[in-house]
Amino acid sequence: MLGQSNFSMGQQEIPAEGIGKVTLTPHQPWYREPWPWILMAGPAVVIVAGAVTTWLAVSSSDGLVADDYYRRGLAINQELRRDQAALSLGITARIEARGGVLRVRLTARGAAPEALFAQLVHSTRAGHDQRLRLPRVAPGVYETGLPALPAGRWRMVLEDPRGEWRLTPTLTLPLARGEGNGEGKEGL
């Protein structure tokens, strides 16, 4: 039977010495076998996790690290002088946040400024920081609208328009007496 194929229905008979006939079944393509996929799954997961980690690192800002940390370190003595100036002038403030209004009652020896500047600094998220101008509405009382702020610990920097003194109270939102009803005190 020269020239004829020994294939029949996907099987091949191969004569072997001393055994007789051996029947071999055809192999599936590699991509239909489970073991290559199982072996490739580990490295594939690591590559995807690395790509996600890289994307998170590049796309999100690290608000806790300042780009100009050296210059800020050199300026710390000037900032401390402003705190000491507020102490020597006897400046104290009582902060209230009610109904979406930030009210500061300022007590000082000497003339009170026409306005105050309040910078609200979130403890971990720099993107939420706010800078507000509080005009004087009565002697020693300054008010402005308070934007909706996320809950958390906030540092407030109160300063005069000339930048001669500052106070740095800490607020925790939502406030202790319920949302929008509470107060913080500085320097009393």
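Quick notes on this structure:
- Of the residues making up the stretch 132-154, one or more are under 29 Å from SER59 (Cβ atoms), surrounded by fewer than 18 Cβ atoms within 10 Å (Cβ to Cβ), in contact with a Ser or Thr (Cβ under 7 Å, 6 or more places away or on another chain) and at pLDDT below 85.
- Apart from one condition, ALA118 fits all of (1) in a strand (DSSP E or B); (2) under 17 Å from THR172 (Cα atoms); (3) among the hydrophobic types (A, V, I, L, M, F, W, C); (4) open to solvent by 50 Å² or more (accessible area, probe 1.4 Å); the exception is (4).
- Pairs meeting the criteria (first residue in the stretch 147-169 and in a strand (DSSP E or B), second residue of a type in the set (S, T, N, Q) and open to solvent by 40 Å² or more (accessible area, probe 1.4 Å), beta carbons under 6 Å, at least 6 apart or on different chains) are ARG153/SER123; ARG153/THR172; ARG155/THR170; VAL157/GLN119; VAL157/THR168.
- Any chance LEU80 is surrounded by 15 or more Cβ atoms within 10 Å (Cβ to Cβ), modelled with pLDDT under 85 and more than 14 Å from PRO169 (Cα to Cα): no
The values are calculated or read from the model by the stated rules, or taken from the named source; none is laboratory data. The model shown is predicted, which means the values in this text are computed figures rather than measured ones. Please note: Cβ atoms are built from the backbone with ideal geometry, for glycine as well, and neighbour counts cover all protein chains shown. For the accessible areas, the whole protein counts, side chains as well, though only heavy atoms, and no ligand, DNA or RNA atoms are used. Shrake-Rupley method; radii C 1.70, N 1.55, O 1.52, S 1.80 Å.
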